[in-house]
Amino acid sequence: MVVLNDLTQAGHYILAIGYYDNQRTGIFNDPYGNKNLPSYPNYSGAGACYDWPANNNGFVSLKKVHCFIYCRGGWPPSITQQPADRTVGKGGTATFSIQTNGLGPIMYRWQKNGADVSDGGHYSGTGTNVLTISAAAAPDAADYRCIVGNPYGSANSSPAHLYIAWPDFSDDGDVDVEDFAHLQACLGIESVAVAAPGCIDTDLNGDGNVNQYDFACFHPCFGVPTSPALWLYRLSSSLPAGLLPQPVGSGCTVTSARGTIRWMRSSICSVRAWASVRGLLPSIST
């Protein structure tokens, strides 16, 4: 706020930069100096305190305010929580979210590899702070970011990557020796996203490492056509080290701290009919 006052005989403008709570004392930048000091004009006008006319809080009074120019500005939004990388199985659902701070209204616009995405198909929430990708498939593996804006500017989030975990690494319709060779070459890699980005697809349980747990997810799928039902195995991310599915009765079971997965089969560990996850999901048809 710019104030025209009677601090000088001719009057001059000063810039209001703040005020004291619960009293009518303003803080100003005075180009003539600080009139609270013995000599005026002087070179101490930054942050000078003056009482509003008809008030006495121990500072020089502005005497009379002839006019003032008031304007209200704002600032672009800031992003307080960035979106994080996600790993989902083929056919699964992934969400990216951000948190922002700033004057509203705040607008959101999600992008995939730098291009805007819109609601429709398996994308939803593209104009909100939470983007949802349902029925994820190989083409959805990409970098996602959000552009947020308000009337005063905009800000870009950092990119977050969507990884699609799927045992058919070659995407040729079955899980075979080619896929096993790729997994074998990546086994034992920790912090795979940093150490070996080409092996990220073998992190089948999404824990950031490629180890025996990923092999336990891969093993029951080997030698059969791929099926989304197989990816109930991703729910069993707490498999004990070295545990592999074992034939039991008419199917195969894997038990972990998160539940029991049972696979019906026509040959050992081949999914043909249905699977159920006790304590996690009721049943899924294949």
Of residues in segment 198-221 being of a type in the set (S, T, N, Q) and buried (at least 22 other Cβ atoms within 10 Å of the Cβ), the one farthest from E178 (Cα to Cα): N205
Residues located in segment 77-107, provided they are farther than 12 Å from Y144 by Cβ and assigned to a strand (DSSP E or B): S78, I79, T80, Q81, T87, V88, G89, Q99, T100, N101, M107
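For (1) under 30 Å from S97 (Cα atoms); (2) surrounded by 15 or more Cβ atoms within 10 Å (Cβ to Cβ); (3) modelled with pLDDT under 85; (4) not hydroxyl-bearing (S, T, Y), each residue gets a yes or a no:
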position	(1), (2), (3), (4)
D6	no, yes, yes, yes
A10	no, no, yes, yes
I27	no, yes, no, yes
G33	no, yes, no, yes
Hey, does segment 55-67 have a residue that's surrounded by 15 or more Cβ atoms within 10 Å (Cβ to Cβ) and under 30 Å from I98 (Cα atoms)? no
Outside any loop (DSSP other than H, G, I, E, B) and assigned by TED's automatic domain parsing to the domain that holds N209, is that true of D179? yes
Name the one entry in P83, P76 that is surrounded by fewer than 18 Cβ atoms within 10 Å (Cβ to Cβ) and either touching a residue at least 12 places away in the same chain (Cβ under 8 Å) or of a type in the set (D, E) (or both). P76
Which numbered condition in (1) touching a helix residue (DSSP H, G or I) at 6+ places or on another chain (Cβ under 9 Å); (2) on the phi < 0 side of the Ramachandran plot is the only one that Q212 fails? (1)
Given (1) farther than 30 Å from Y163 by Cβ; (2) touching a residue at least 40 places away in the same chain (Cβ under 8 Å), where does Y108 come up short, assuming only one miss? (1)
Within segment 19-47, residues at positive phi and either hydrophobic (A, V, I, L, M, F, W, C) or not in a loop (DSSP other than H, G, I, E, B) (or both) come out as G47
Segment 108-122, residues that are under 14 Å from C146 (Cβ atoms) and part of a strand (DSSP E or B): Y108, R109, W110, Q111, K112, A115, D116
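Here is a check on your reading of the model: is C252 in contact with a Cys (Cβ under 6 Å, 6 or more places away or on another chain), farther than 24 Å from A135 by Cβ and modelled with pLDDT under 80?
Criteria met by C252.
The values are calculated or read from the model by the stated rules, or taken from the named source; none is laboratory data. Note that this is a predicted model, so its numbers are computed, not measured. Counting neighbours? That spans all protein chains shown, and the Cβs are built from the backbone with ideal geometry, glycine included.
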